[in-house]
Amino acid sequence: MNSYQRFIGAAFQMLITILGGVYLGRFLDEYFHSTTPWFTLGFSLGSIAFALFALIKSLPK
């Protein structure tokens, strides 16, 4: 596998993870009728942290 394919795969994995966190946070904000988007903020930041952690773990040593 070429190195650029691996990086494109990692980028798509990060994108899907972050978008999933944002979508889940927006869904929960709408479900609980939140006036302040705390769920969106929390799940967005959490999914970014998780995506970065997964990327770092997948890097070769």
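Laboratory data are not the source of any read-out in this text; all were calculated from the coordinates shown. Keep in mind the model is a prediction, meaning the values are calculated, not measured. Using ideal geometry, Cβ is built from the backbone for each residue, glycine included, and neighbour counts are taken over all protein chains shown.
Would you kindly derive the ³J(HN,Hα) couplings of the range 9-22 from the backbone phi angles with the Karplus curve 6.51 cos²θ - 1.76 cosθ + 1.60 (θ = phi - 60°), listing them in order in whole Hz, with x for Gly and Pro?
After applying 6.51 cos²θ - 1.76 cosθ + 1.60, I find x, 5, 5, 5, 4, 5, 4, 5, 5, 5, 5, x, x, 5 Hz.
Suppose each label sits 7 Å from its Cα in the direction of the beta carbon; what would the Lys57-His33 distance come out to in nanometres?
Taking the two extended label points, one gets 3.9 nm.
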